[in-house]
């Protein structure tokens, strides 16, 4: 091979190597956060409660005591968590933090906090979480009537 041909092959090969090395190939792709990481990356504070059934959309938030409105909730990656009674405690003798365990159900659309000393489990259904809000529904029985509440949480 003559020198110009060798030079041309070397130049062409160098161009291929340079253009095939793209910085983007070496960077990790951006992976959207999954539901668990969204849930566990913040403390959550209740920001709204409505009662669509059987109470026709009553805004229960307005009638909640202030000592319940400032509580915040933490869900940890190891399925432990706590509710913090924050500054305004409804009962001064209550602990500042109450620990709980939690689990996902129904393909990460339901959060269940097993029964505590009161004997009732807490179940949040239809859970939807973004980076700044979480919405869910919960139900309980009161005087023989099942009451549904729509809950909205924000990042604390």
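The values are calculated or read from the model by the stated rules, or taken from the named source; none is laboratory data. The model shown is predicted, which means the values in this text are computed figures rather than measured ones. Note: ideal-geometry Cβ built from the backbone for every residue, glycine included; neighbour counts use all protein chains shown.
Looking for something modelled with pLDDT under 95 and surrounded by 12 or more Cβ atoms within 10 Å (Cβ to Cβ) - is there at least one such residue anywhere in the stretch 119-127? Among the residues of the stretch 119-127, at least one is modelled with pLDDT under 95 and surrounded by 12 or more Cβ atoms within 10 Å (Cβ to Cβ), which makes the answer yes. Would the stretch 140-154 turn up any residue that is within 28 Å of residue 56 (Cβ to Cβ), out of contact with any helix residue (DSSP H, G or I) (no Cβ under 8 Å at 6 or more places or on another chain), without any contact (Cβ under 8 Å) to a residue 60 or more places away in the chain and surrounded by 12 or more Cβ atoms within 10 Å (Cβ to Cβ)? For the stretch 140-154, residues within 28 Å of residue 56 (Cβ to Cβ), out of contact with any helix residue (DSSP H, G or I) (no Cβ under 8 Å at 6 or more places or on another chain), without any contact (Cβ under 8 Å) to a residue 60 or more places away in the chain and surrounded by 12 or more Cβ atoms within 10 Å (Cβ to Cβ): present.
Rundown of residues vs (1) touching a helix residue (DSSP H, G or I) at 6+ places or on another chain (Cβ under 8 Å); (2) at pLDDT 95 or above; (3) closer than 21 Å to residue 130 by Cβ, yes/no style:
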| residue | (1), (2), (3) |
| --- | --- |
| 16 | no, no, no |
| 20 | no, no, no |
| 34 | no, no, yes |
| 37 | no, yes, yes |
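Of the set (1) touching a strand residue (DSSP E or B) at 6+ places or on another chain (Cβ under 6 Å); (2) surrounded by 14 or more Cβ atoms within 10 Å (Cβ to Cβ); (3) modelled with pLDDT of 95 or more, all apply to residue 60 but (3). Candidates in the stretch 74-101 are the residues that are closer than 17 Å to residue 155 by Cα and touching a helix residue (DSSP H, G or I) at 6+ places or on another chain (Cβ under 7 Å); of these, the one that is surrounded by the most Cβ atoms within 10 Å (Cβ to Cβ) is 75. Of all residues in the stretch 38-68, those being assigned to a helix (DSSP H, G or I) and without any contact (Cβ under 8 Å) to a residue 12 or more places away in the chain number 2. So, residue 28, is that one in a loop (DSSP other than H, G, I, E, B), at pLDDT 95 or above and over 16 Å from residue 156 (Cα atoms) or not? Spelling it out, it is not the case that residue 28 is in a loop (DSSP other than H, G, I, E, B), at pLDDT 95 or above and over 16 Å from residue 156 (Cα atoms).
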